[in-house]
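Asks: Sharing a structure with you now.
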Amino acid sequence: MDKRQGRRGRDLFNNSPLSPCLPYSPIPHSRSYLRRPTYMTTVFFVEDSAEDRALYRRFLERDDRYTYDIYEFESGNQSLQACQTKIPDVILLDYRLPDLDGLEFLTRLQRQTSNSRISVIMLTGQGDETIAVQAIKSGAQDYLVKGKLTSDNLRRAVHGAIEQMQLMRQLKQQQEQQKLVGAIALNIRQSLKLQDILATSVQQVRQLLHTDRVLLYQFTLNPLAWALS
């Protein structure tokens with residue numbers, strides 16, 4: 001399997017120049033001429049048709065709401081392998097891939113990235129309500145028919161996927177914060193030693209914020225305060 005399918009001009013896995021296995025333009029598509037906010041939404045195109053990938057790219061590069069960092073893959077296995085090192089925000093997924101179908105891809109993706117929030121938009125060459133229902137039940141955010149695809153409905157689907165992904169991540173963060181508050185409250189009830197409470201709280205806050213250093217201040221009746229790091 002050729003792992004070097006992420007099209008950004010560099011190998012996604014070993015940072016070496018990309019082989020010419022796919023048509024490649026030296027222009028860094030996502031960054032060179034799109035004058036939009038600096039935050040970039042990472043999108044994977046999982047599609048074996050180069051023509052379809054070029055169409056998706058053209059539609060998204062004209063989007064005036066988001067800036068996209070786009071990677072292209074010809075097979076499901078290539079993109080699943082890439083997800084081990086880079087988690088995308090959105091995946092545009094062709095239902096019929098050379099190595100596996102879209103439903104199998106969704107199952108493997110969820111098993112592989114169970115702790116991540118990735119929005120998947122399924123695309124197929126034919127309108128099939130049965131496949132659409134199965135795709136949504138399997139975790140896809142939306143379902144589009146290629147023959148009816150326009151720049152407007154693709155961007156609308158991608159915008160919806162991004163917004164859902166952001167809401168899910170915010171919900172997860174709120175749940176982690178609530179869990180932290182509950183753990184700190186439990187520590188306070190179980191221990192009367194302030195130093196033990198603060199030491200445990202510092203460690204829990206570090207884990208929540210993914211930081212190496214945390215300062216907790218104790219304010220007393222006088223204006224003096226001390227910090228524990």
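The values are calculated or read from the model by the stated rules, or taken from the named source; none is laboratory data. Note that the coordinates shown come from a computational prediction; the quantities given were computed from them, not determined experimentally. Here the Cβ positions follow ideal geometry from the backbone for every residue, glycine too, while neighbour counts run over all protein chains shown.
Asks: Return yes or no: is Gly102 under 23 Å from Ala50 (Cβ atoms) and surrounded by fewer than 18 Cβ atoms within 10 Å (Cβ to Cβ)?
Replies: The answer is no for Gly102.
Asks: Next question. Just one of (1) modelled with pLDDT under 85; (2) aliphatic (A, V, I, L, M); (3) within 17 Å of the chain's Cα centre (by Cα) trips up Ala132, so point out which.
Replies: Every condition holds for Ala132 apart from (3).
Asks: Additional query: If a residue must be in contact with a His (Cβ under 8 Å, 6 or more places away or on another chain) and aliphatic (A, V, I, L, M), how many such residues does the stretch 65-80 contain?
Replies: Total meeting the criteria: 1.
Asks: Restricting attention to the stretch 151-185, which residues are within 21 Å of Phe44 (Cβ to Cβ) and over 15 Å from the mean Cα position of the chain (by Cα)?
Replies: Ser151, Asn153, Leu154, Arg155, Arg156, Ala157 - these are the residues of the stretch 151-185 that are within 21 Å of Phe44 (Cβ to Cβ) and over 15 Å from the mean Cα position of the chain (by Cα).
Asks: Six or more apart or on different chains, Cβ atoms under 9 Å: show the pairs whose first residue is in the stretch 41-59 and farther than 13 Å from Lys146 by Cα and whose second is part of a loop (DSSP other than H, G, I, E, B) and among the small types (Gly, Ala, Ser).
Replies: Phe44/Gly6; Val46/Ser75; Asp48/Ser75
Asks: Sticking with this one: Could you please find all residues in the stretch 98-129 being over 21 Å from the mean Cα position of the chain (by Cα) and of a type in the set (A, V, I, L, M, F, W, C)?
Replies: The one that is over 21 Å from the mean Cα position of the chain (by Cα) and of a type in the set (A, V, I, L, M, F, W, C): Leu100.
Asks: Is it fair to say Leu12 is assigned by TED's automatic domain parsing to the domain that holds Asn153 and either modelled with pLDDT of 95 or more or touching a helix residue (DSSP H, G or I) at 6+ places or on another chain (Cβ under 7 Å) (or both)?
Replies: Here the answer is no, as Leu12 does not meet what is asked.
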